[in-house]
Structures are given as structure tokens and as C-alpha cells.
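These notes are about the structure you will find just below.
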Amino acid sequence: MTPTDALQAWLALEHEAVWLYPVLGARFDDLVERATTSFEAHRDTRDAVLARLRALDAEPVSAQLSYDMGALTTAAEARAAARTLEAGITAACLTLTGATEDDARAYAIRNLTKAALAEMTWGAPPRAFPGLP
């Protein structure tokens, strides 16, 4: 996988996060604060990844109109959806880490750490090797 492909895969997940967290906050009062914090962090990350792709003269992948996250009828289902998404972002950052070097690799590692911590914020247990299955 090329660094550009890895960035595109990560960007697609950031688009999904920017879509998901307002939905969670709107549906579950007890998740509003956490969802708002997550939304803001992912919005900023999405914008940074967009800028990196544009600097590479790559056409960034577009956001979808909506994402299939299931019914999300309980707060537990909402937290599970958030954990799953954050795990995907962690894996995408790990992939980027292996596809890049120097400053780009350091950027990927910083964001791998952020994503792994975000997983735990939504209730995932700590893992020895975040991003690996």
C-alpha cells in the first residue's frame, strides 16, 4: 500500500467519525460531552489529513452521505460503534506507519496513539499492540 493509499483509507474513516459522533450525541444525552469532544478531535484530524493529501497533489476521497452503523438504539450500541470506528482508525494509522518514513511516520505514530486512547475512552480495554487484529 502506498502512503497516499494509506492516507486515503484513514481519511475515509475520519469522514465517518465526523458523521458518527454528532449522531451519537443527538441520540444519547449521556454521551453528548464525549461525542462532542470526539467530533471536534476527528474534525481537526480530518482537516489535517485532507491537507496532507492535497500537499501530495492527491484528490482526497469524499465523505459518504451516510454510514451504516446499525440501529444504535441503546447507549451500549453507540459506544460499541464508536469503539469499532476508533479501532479501524487505529489500524489505518498503523498501516500508514508501515508505509511511510521520517516526519510522515512520526505523524502516523502520534495519531495511532491518539486513536488507541480514543478506543479506550469509548470502553475498549488497553491492547499491547494497538491496530493489530
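The values are calculated or read from the model by the stated rules, or taken from the named source; none is laboratory data. The model shown is predicted, which means the values in this text are computed figures rather than measured ones. Cβ coordinates were reconstructed from backbone atoms using ideal geometry, including for glycine residues, and neighbour counts include every protein chain displayed.
What the table below lists for this structure:
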item: Residue in the range 57-79 that is surrounded by the fewest Cβ atoms within 10 Å (Cβ to Cβ), counting only those that are at pLDDT 95 or above and of a type in the set (A, V, I, L, M, F, W, C); result: ALA76
item: Some residue of the range 10-29 being modelled with pLDDT of 95 or more, surrounded by fewer than 18 Cβ atoms within 10 Å (Cβ to Cβ), under 15 Å from the mean Cα position of the chain (by Cα) and acidic (Asp, Glu); result: no
item: Top-ranked residue in the range 66-125 [being more than 23 Å from ALA26 (Cα to Cα) and among the basic types (Lys, Arg); ranked as nearest to the chain's Cα centre (by Cα)]; result: LYS114
item: Of residues in the range 30-49 being farther than 27 Å from THR73 by Cα and in contact (Cβ under 8 Å) with a residue 40 or more places away in the chain, the one farthest from the chain's Cα centre (by Cα); result: VAL49
item: Pairs with Cβ under 8 Å, 6+ apart, first in the range 76-88 and on the phi < 0 side of the Ramachandran plot and small (Gly, Ala, Ser), second surrounded by fewer than 18 Cβ atoms within 10 Å (Cβ to Cβ) and in a helix (DSSP H, G or I); result: ALA78/ARG27
item: Given (1) assigned to a helix (DSSP H, G or I); (2) more than 18 Å from MET1 (Cα to Cα); (3) out of contact with any Phe, Trp or Tyr (no Cβ under 6 Å at 6 or more places or on another chain), number of the condition CYS93 does not satisfy; result: (2)
